[in-house]
Amino acid sequence: MQITTTTHPAGQVAADVLVVPFFHKEDTLGEPLATLDNLLGGAISDARRWKEASGKPAETLLLHTQGKLPAQRVLIVGCGKTSEFTVERARWYGSAAVRYLGQREARQVAIVLPGKLEPKAELAAIARGLVMGEYEPDQYKTEDKRESKVEGVTIVLPGPVEGTEEIVRRSTIVAEAANHARFLINEPGNKVTP
């Protein structure tokens with residue numbers, strides 16, 4: 001998976017799916033949700049009113065944009081309460097998005113930085129989550145293997161962040177190493193000997 005960044009407004013980013021964070025028990029829709037809701041004719045507010053999206057951690061809701069946005073679909077991913085949002089929750093956010101979209105036909109994905117923590121920390125956590133979310137311990141399955149179809153992810157930043165390429169590069173290396181360790185842990189003793 002190729003990970004890049006952009007500072008374009010979320011509503012102007014072209015992708016198969018635009019992933020946006022949704023926080024639990026917030027009275028009003030924050031940005032970019034409010035703008036996207038307006039562009040989508042109130043679809044996000046309707047989903048919230050019908051309790052289809054509550055913002056609980058890793059909860060997902062896929063909305064079709066009907067050509068109203070450059071993205072074909074919007075995936076809302078729950079991030080929990082704002083007061084409980086941590087770097088770990090940011091990683092879960094990225095991971096939940098890629099796991100949900102991995103089985104669908106989404107090849108190019110854009111994911112919005114939540115903007116609740118320091119931007120560099122959020123960027124690093126989301127990049128790790130995207131790569132770690134691709135891991136599936138199914139190397140010995142003969143059927144129903146889960147292979148992610150996501151080829152590229154663009155992380156939408158709220159503004160310029162210094163050193164984004166290096167942050168993404170390092171985060172990807174750490175996540176790939178974690179996935180390799182997970183692979184080795186799931187190997188039987190006769191395959192991986194001391």
Estimated distance in nm for a label pair at A121 and L62, the labels positioned 7 Å out from Cα along Cα-to-Cβ: 3.3
Under 5 Å between amide H atoms, partner at least 5 residues away or on a different chain: which partners does I155 have, H built in plane at 1.01 Å? T4, T5, T6, I111
Give the separation of the Cα centroids, region 67-123 to region 134-194, in Å. 16
For K81, which lysines qualify as cross-link partners when the Cα separation must be under 27 Å and same-chain residues fewer than eight apart are set aside? K25, K51, K56, K116, K120
Once you've got the GNM for the chain with C-alpha springs shorter than 10 Å, pick whichever of I167, I155, I126 has the biggest mean-square fluctuation. I167
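I need the helices of the chain that pass two filters: whole DSSP H segments spanning 30 Å or more by Cα along the axis, and mean Kyte-Doolittle score no lower than -1.0. Present the calculation step by step, with values, prior to reporting the outcome.
Working: long enough: 164-185 (31 Å, 0.13).
Going by DSSP H runs, the hits are 164-185.
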If you project the alpha carbons of the chain onto their three principal axes, what span does each projection cover, largest first, in Å? 57, 40, 30
Once both label points are put 7 Å beyond Cα along the C-beta direction, the T35-V174 separation in nm becomes 2.9
For an R0 of 35 angstrom, estimate the FRET efficiency from the Cβ-Cβ distance between T4 and R49 and round to the nearest 0.05. 0.50
Could you give me D for region 1-105, from Stokes-Einstein at 4 °C and 1.567 mPa s, where the hydrodynamic radius is the Kirkwood radius over C-alpha pairs? Units µm² s⁻¹, please. 92
I'd like to check one number: the per residue accessible area of region 97-173, probe 1.4 Å, reported in Å² as a whole number. 50
Looking at the chain as a GNM with Cα springs under 10 Å, which of G67, G80, G30 has the largest mean-square fluctuation? G67
Would you mind putting 177-186, 51-60 in packing order, based on average other-beta-carbon counts within 10 Å, highest first? 51-60, 177-186
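The values are calculated or read from the model by the stated rules, or taken from the named source; none is laboratory data. Given the structure is predicted, the values throughout are model-derived calculations rather than measurements. Glycine gets a Cβ as well: all are built from the backbone with ideal geometry, and neighbour counts include every protein chain shown. Protein only, heavy atoms only, side chains kept; ligands, DNA and RNA dropped before computing areas. Shrake-Rupley method; radii C 1.70, N 1.55, O 1.52, S 1.80 Å.
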